[in-house]
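Note sheet for the following structure.
The values are calculated or read from the model by the stated rules, or taken from the named source; none is laboratory data. These numbers were taken from a predicted model, which means no experiment stands behind them. Here the Cβ positions follow ideal geometry from the backbone for every residue, glycine too, while neighbour counts run over all protein chains shown.
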Amino acid sequence: MQTRTPGTTGAALPVQIFQVSTLYGAATVAAALDAGLFGARQDVRRLLLVSNNAEIPETALRLEEMTGYDRTAARFDDTVHWNDAIRPHHPGTWAPRPEEAPLWQRVFRTAWGLGAAPVHLVVESIQVNPAKALAAVFAESGVDVYADGLMSYGPTRDELPQSIGCRVRRLLHLDLVPGLRPLLLAETGVACELVPDDAFRAVLAEIAAAADGDRQVEEAAAAAPTAVLLGQYLAVLGILTADEEEELHVRMVRGAAAAGHRSIVFKPHPTAPARYSLALREAAGAAGVRLTVLDGPLLAETFYARCRPRLVVGCFSTAMLTAAVYFDVPVARVGTETILERLMPYENSNRVPLTVVDHVVPDLESGADPAVPGPAPDTLEPLVRAVGYCMQPRLHPLLRKETEALLTSGTAAARYFHQDRLTDLGLPGGDPRRTASRLRRGLARGRS
């Protein structure tokens, strides 16, 4: 890393600030840099702004502890920490009051040695903090948004203030579902730009190389696993109870065993409780398979590169599609129908990633063969656009007619659309009695 101290001539260069909170996101940014999507390095100063957005950051794994982080960070001139800059506030909740934003900008310019240099922001999840707060502080700066995984295909979570939306230049995203266009920020007319596959593969290979000599990785690879199971954090999000999520992972073990896999690796989410490992080991023993739990600080993609599995199983993790697209590994899903029923509110940002995986990835428990999904089927984009409209109808009013057409065509699976939501929006498939009652109330208000 080329460190430049405040007051050096480097501070006079235009500054690009890259805000990241995950290694997967940092890898996406690194691939975009390597592909030349942010210009020549010598023409700018690049600042990596690390944010730990965990509920309790002090107890969570730090990005710097992840295997391969150092190699990714070497592309930047300096690294600063958002949590330190705004302490004692939490990155997910803190934002400056409008009248204080210019003062905060002076504070950060001084602390980070920016001087009077022009600043360009590159952020994730622009609709929420910390990205939204950063855009408010640097109110005159242009903004690029990069999408961390399958979230790019869903609608923007909240309507952006005009003062931010008009400054967003482009959305950078991975081609995780070839042919599917992102809905994220579509209401702003922002240009979408793909991060090249080859560049992202090269960054993943670089990160995987950093695991050379890692004892836990080598022990897991030595078990010759043919399947990798991905844990998520559905209990932490309140979507499932801890017991239900534990049972979901047990179903993954049973499904992999039924498919003929005798050695499997479970990659838990960093926030998962330790007891999950015990339940999985009991399930693996009962199924007669060897289980290795890989809970070290590394991306699942790093292990794909190390052991080249023949199957990756998950619920709706982005790492499933990464396995298929970048490693050509067949994938299968478990439990998506249950999550589709439970996910609340309807506009929950996980809904489109969940819908995409449910639609294109085979169900392991149905007996379907795991597969590499390939390009998006013709049925996927109309479905995603209809679900996106039902999630955020105010942002996408022009999608109403095609949503109605899909809902009346008989091709839309009912599990993707809650009847209450259809009723509230007056769409086909809603409760006709409640819809009629709502119309009568509207007419009565109009006459009063």
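Kindly check whether there is at least one residue in the range 109-131 that is assigned to a helix (DSSP H, G or I) and crowded, with 22+ Cβ neighbours inside 10 Å.
Yes: the range 109-131 contains one or more residues that are assigned to a helix (DSSP H, G or I) and crowded, with 22+ Cβ neighbours inside 10 Å.
Quickly run through the range 296-319 and pick out the residues that are part of a loop (DSSP other than H, G, I, E, B) and either touching a residue at least 60 places away in the same chain (Cβ under 8 Å) or under 12 Å from G149 (Cβ atoms) (or both).
Of everything in the range 296-319, those that are part of a loop (DSSP other than H, G, I, E, B) and either touching a residue at least 60 places away in the same chain (Cβ under 8 Å) or under 12 Å from G149 (Cβ atoms) (or both) turn out to be G296, P297, L298, L299, P309, R310, C315, F316, S317.
Run down V253, V203 and say which single residue is in a helix (DSSP H, G or I), surrounded by 20 or more Cβ atoms within 10 Å (Cβ to Cβ), β-branched (V, I, T) and free of Cβ contacts under 8 Å to residues at least 40 places away in the same chain.
When all the criteria are applied, what remains is V253.
Here are some residues: L33, L37. Which one is part of a loop (DSSP other than H, G, I, E, B), touching a residue at least 40 places away in the same chain (Cβ under 8 Å) and closer than 30 Å to D198 by Cβ?
Going through L33, L37 in turn, just one is part of a loop (DSSP other than H, G, I, E, B), touching a residue at least 40 places away in the same chain (Cβ under 8 Å) and closer than 30 Å to D198 by Cβ: L37.
For the list (1) at pLDDT 95 or above; (2) out of contact with any helix residue (DSSP H, G or I) (no Cβ under 8 Å at 6 or more places or on another chain); (3) more than 16 Å from V122 (Cβ to Cβ), I need the number of the one condition that L176 fails.
Result: L176 fails condition (2) only.
Considering every residue within the range 421-441, establish whether at least one is of a type in the set (D, E, K, R), loosely packed, with under 14 Cβ neighbours inside 10 Å and modelled with pLDDT of 95 or more.
no
Taking the conditions exactly as written (farther than 17 Å from V334 by Cβ, assigned by TED's automatic domain parsing to the domain that holds A35, touching a residue at least 60 places away in the same chain (Cβ under 8 Å) and crowded, with 19+ Cβ neighbours inside 10 Å), does V190 satisfy them or not?
For V190, the condition - farther than 17 Å from V334 by Cβ, assigned by TED's automatic domain parsing to the domain that holds A35, touching a residue at least 60 places away in the same chain (Cβ under 8 Å) and crowded, with 19+ Cβ neighbours inside 10 Å - is not met.
Please state which one of T67, T72, T28 is surrounded by fewer than 22 Cβ atoms within 10 Å (Cβ to Cβ), in contact (Cβ under 8 Å) with a residue 12 or more places away in the chain, within 21 Å of A210 (Cβ to Cβ) and among the hydroxyl-bearing types (S, T, Y).
T67
Mind checking which residues of the range 66-91 are of a type in the set (D, E, K, R) and either within 20 Å of the chain's Cα centre (by Cα) or in a loop (DSSP other than H, G, I, E, B) (or both)?
Residues satisfying the conditions are R75, D77, R87.
Kindly indicate the residue of the range 364-396 that is out of contact with any helix residue (DSSP H, G or I) (no Cβ under 8 Å at 6 or more places or on another chain) and in a helix (DSSP H, G or I) and also nearest to T188 (Cα to Cα) among those meeting that condition.
Only one residue tops the list, namely E381.
Of all residues being small (G, A, S) and farther than 26 Å from A12 by Cβ in the range 134-175, which is surrounded by the fewest Cβ atoms within 10 Å (Cβ to Cβ)? Just the residue, please.
Only one residue fits best here, namely S163.
Residue check, E58 against (1) modelled with pLDDT of 95 or more; (2) over 17 Å from I17 (Cα atoms), all met but one. Which one?
So E58 meets the others, but not (1).
Hey, among T322, T403, T408, which residue is among the polar types (S, T, N, Q), closer than 29 Å to P225 by Cβ and assigned to a helix (DSSP H, G or I)?
T322 is the lone residue from the list that is among the polar types (S, T, N, Q), closer than 29 Å to P225 by Cβ and assigned to a helix (DSSP H, G or I).
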